[in-house]
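Working notes, structure below.
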Amino acid sequence: MTYSLDKLKKINDLFAFDEHEPFQDLHFKWDPNTGMQAIVAIHSTRLGPAFGGCRFVNYDHTDSAIIDALRLAKGMSYKSAATGLNYGGGKSVIIKPRGNFDRKALFAAFGRFIHELNGRYITAKDSGTTLEDMDIIAEQTPYVASTSSMNDPSPYTAHGVRLGIAAAVKFKLGRESLEGITVAIQGAGYVGYYLAQELHKVGAKLIMTDVDAAACERVKQAFNATIVAPEAIYGVDCDVFAPAALGAIINEDTITQLQCSIVAGATNNQLAEPIHGYALKERGILYAPDYVINSGGIIQAASIYDKLDEAQITTKIEHLYDVLLDIFGRAQAADLPTHVIADQMALARLNGEVKQSNTVAV
């Protein structure tokens with residue numbers, strides 16, 4: 001469940017919050033020398049060390065950063081569990097300082113903070129952080145993935161999303177190919193660009209938007225994408241709406257605008273509230289659960305610890321096609337939203353009902 005700041009205030013404290021959304025532990029670190037204010041949320045280590053990226057963005061309130069970390073950590077637990085990875089879920093956020101700061105010193109301090117957790121949490125690149133930031137962290141601790149010596153996870157995420165879109169198109173529209181399918185991509189950043197590239201190669205028609213005009217022009221020139229204003233993307237006539245930017249964008253305001261058969265994209269936490277998964281179902285829109293379809297990045301990022309070669313990484317990502325078909329089929333048989341089925345699968349592993357393995361829990 002997504003909690004707003006007002007809801008957290010109503011809950012009063014973190015111990016009460018834990019009754020609603022259980023988490024394992026929460027760590028805070030302030031470094032006065034660099035101004036670093038960081039939070040690490042660990043949702044679960046039931047399947048292995050908690051794995052999840054580091055966000056470096058502005059927050060209006062510390063409470064907002066806490067909510068973000070807790071919400072995203074839970075998503076990482078479910079992502080690993082539902083896709084068969086032997087990792088728990090965690091997330092870190094660094095509250096971006098306002099004004100001038102020494103970025104290298106700040107991320108070195110963050111690396112020392114991560115090392116203090118003794119391997120319970122492995123960090124990685126996320127919104128606002130770069131491969132160079134990960135390199136600085138790696139000078140302080142081995143518990144970091146997606147450094148510049150590793151491949152960028154963005155193309156792997158995009159590959160998994162493209163396969164997930166193909167699975168959804170097969171299930172919902174009965175089509176084996178994406179040729180001629182119209183996909184509206186919200187976001188033309190790293191993953192959005194690579195997703196557009198993959199879809200363009202297989203003959204899909206692209207409608208795209210981004211707040212960055214240069215990013216829009218880039219995909220227009222490279223992939224013949226039709227560009228629309230950010231506020232118009234929800235209402236375009238398309239087969240697939242693919243969020244690749246902001247979370248919580250499937251909400252009561254946007255659902256009524258959607259003119260698609262499928263929602264399948266790369267963004268984490270696409271549903272503003274679980275009820276919106278039910279609303280999509282009511283409208284006959286097939287939803288590809290976000291933490292399953294976008295898990296290609298974590299599969300690649302975790303490969304250094306799993307000692308997987310490129311062929312093995314590709315095999316695991318390509319298996320997401322079958323996982324999503326299974327989720328869609330189960331949801332149809334049970335007459336339930338797809339996100340409910342995905343959650344059930346994830347919880348079955350987290351609760352020990354499905355034994356830990358290197359294959360997907362089905």
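Here are the numbers for the structure shown:
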| item | result |
| --- | --- |
| Taking CYS54, CYS216, CYS260 and counting other C-beta atoms within 10 Å, the order from fewest to most | CYS216, CYS260, CYS54 |
| Net charge, LYS29 excluded, C-beta distance under 10 Å - Lys, Arg +1, Asp, Glu -1 | -1 |
| Principal-axis tilt of helix 190-201 within the chain, Cα atoms, nearest 10 degrees | 30 |
| Karplus 3J(HN,Hα) series, Hz, for segment 329-344 with 6.51 cos²θ - 1.76 cosθ + 1.60 (x for Gly, Pro) | x, 5, 5, 5, 5, 8, 6, 10, x, 5, 5, 5, 5, 4, 4, 4 |
| Ranked list, fewest to most other Cβ atoms within 10 Å of each Cβ, for THR315, THR45 | THR315, THR45 |
| Cα gyration tensor category, rounded, prolate or oblate, for segment 269-324 with a/c compared to 1.5 | prolate |
| Per-residue Cβ neighbour rank within 10 angstrom, fewest leading, ASP309, ASP290, ASP25 | ASP309, ASP25, ASP290 |
| Net charge dipole size for segment 154-350 [Lys, Arg +1 and Asp, Glu -1 on Cβ; Debye, nearest 20] | 320 |
| HN-Hα J in Hz across segment 203-217 - Karplus 6.51, -1.76, 1.60, θ = phi - 60°, x for Gly and Pro | x, 6, 8, 10, 10, 9, 8, 6, 6, 8, 4, 5, 5, 5, 5 |
| Value of relative contact order over the chain, rounded to a whole percent, pairs C-alpha under 8 Å and six or more apart | 16 |
| For segment 259-338 versus segment 74-119, the gap between their alpha-carbon centres in whole angstrom | 23 |
| Out-of-range pairs (alpha-carbon distance over 29 Å; input LYS125/LYS170; LYS91/LYS172; LYS205/LYS281; LYS104/LYS316; LYS79/LYS220; LYS170/LYS307) | LYS125/LYS170; LYS91/LYS172; LYS104/LYS316; LYS79/LYS220; LYS170/LYS307 |
| The chain: antiparallel DSSP beta bridges as a percent of all, rounded to 5 | 30 |
| By average C-beta atoms within 10 angstrom, highest first, the peptides 221-227, 130-136 | 130-136, 221-227 |
| All aspartates and glutamates inside 15 Å of LYS74 as judged from Cα atoms, apart from same-chain residues fewer than 8 positions distant | ASP18, GLU19, GLU21, ASP25, GLU273, ASP290, ASP343 |
| Anisotropy class of the chain from Cα gyration tensor, a/c 1.5 cut | rounded |
| log10 of Debye I(q)/I(0), alpha-carbon scatterers only, for segment 154-350 at 0.10 Å⁻¹ | -0.37 |
| Peptide ranges 36-42, 234-240, 197-203 listed from the most packed, as the mean C-beta count within 10 angstrom indicates | 36-42, 234-240, 197-203 |
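We did not get these values from a lab; they are worked out from the coordinates using the rules stated. Keep in mind that this is a model prediction, so the values were computed, not measured. Quick reminder, even Gly has a Cβ in these numbers, built from the backbone with ideal geometry, and neighbours come from all protein chains shown.
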